[in-house]
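The structure appears right after this line, and notes come after that.
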């Protein structure tokens with residue numbers, strides 16, 4: 001199957017992000033409870049990383065269920081599922097962002113702006129996945145899988161910077 005080693009590496013990276021994200025609240029636990037903004041960011045990270053893990057493993061399942069007939073169908077079906085996830089995740093994120101109120105630690109407007117900016121490219125990536133249902137390209141599927149890393153990495157970086165700023169202050 002095309003790109004099988006790369007998909008496994010993506011799964012490993014996604015799992016590492018999920019583990020680090022789970023550990024972050026434990027590190028800061030005794031100092032201060034997490035703000036709603038931070039919880040929304042953690043949900044984004046975990047949603048994306050578990051979707052990445054699934055996206056990296058699902059093509060194998062499809063490949064063997066289809067008995068290796070046509071790899072083209074693996075990427076078509078996998079892209080359909082990834083596109084559906086991205087569509088639902090974008091809606092979920094936008095609803096989460098709308099519920100954010102003022103925060104003592106984080107200026108609400110900047111926090112919301114970052115979260116909105118992370119949602120902007122997702123519909124385009126989602127459209128690529130839905131178009132790939134007709135073409136069955138591994139590259140198009142991989143674009144969506146790699147995109148799952150981007151918002152999570154940005155959010156993780158922001159969370160770490162914010163938590164270290166709280167510790168210094």
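Filtering region 155-166 for residues that are at pLDDT 75 or above, within 14 Å of residue 38 (Cβ to Cβ), under 16 Å from the mean Cα position of the chain (by Cα) and surrounded by fewer than 17 Cβ atoms within 10 Å (Cβ to Cβ) leaves a non-empty set.
Since residue 86 meets every condition but one in (1) touching a helix residue (DSSP H, G or I) at 6+ places or on another chain (Cβ under 8 Å); (2) at pLDDT below 85; (3) closer than 29 Å to residue 38 by Cα, which condition does it not meet? Of everything listed in (1) touching a helix residue (DSSP H, G or I) at 6+ places or on another chain (Cβ under 8 Å); (2) at pLDDT below 85; (3) closer than 29 Å to residue 38 by Cα, residue 86 misses just condition (2).
Any idea which of 11, 18, 35 is under 16 Å from residue 155 (Cα atoms) and touching a residue at least 40 places away in the same chain (Cβ under 8 Å)? If you could, list the steps in order and put the result at the bottom.
Values: 11 fails: under 16 Å from residue 155 (Cα atoms); 18 fails: touching a residue at least 40 places away in the same chain (Cβ under 8 Å).
After applying the criteria, what remains is 35.
Just one residue in the set 118, 148 is within 23 Å of residue 21 (Cα to Cα), surrounded by 18 or more Cβ atoms within 10 Å (Cβ to Cβ) and modelled with pLDDT of 85 or more; that residue is 148. Checking each residue in region 63-87 for being surrounded by 13 or more Cβ atoms within 10 Å (Cβ to Cβ) and free of Cβ contacts under 8 Å to residues at least 12 places away in the same chain picks out 66, 84. All of 15, 46, 52, 24 fail the test of being under 24 Å from residue 131 (Cβ atoms) and assigned to a helix (DSSP H, G or I), apart from 52. In region 101-111 there is no residue matching the filter, namely being under 25 Å from residue 43 (Cβ atoms), in a helix (DSSP H, G or I), touching a helix residue (DSSP H, G or I) at 6+ places or on another chain (Cβ under 6 Å) and at pLDDT 95 or above.
The values are calculated or read from the model by the stated rules, or taken from the named source; none is laboratory data. The shown structure was predicted, so the numbers you read here are calculated from the model rather than taken from an experiment. So basically every Cβ, Gly included, is an ideal-geometry build from the backbone, and we count neighbours across all protein chains shown.
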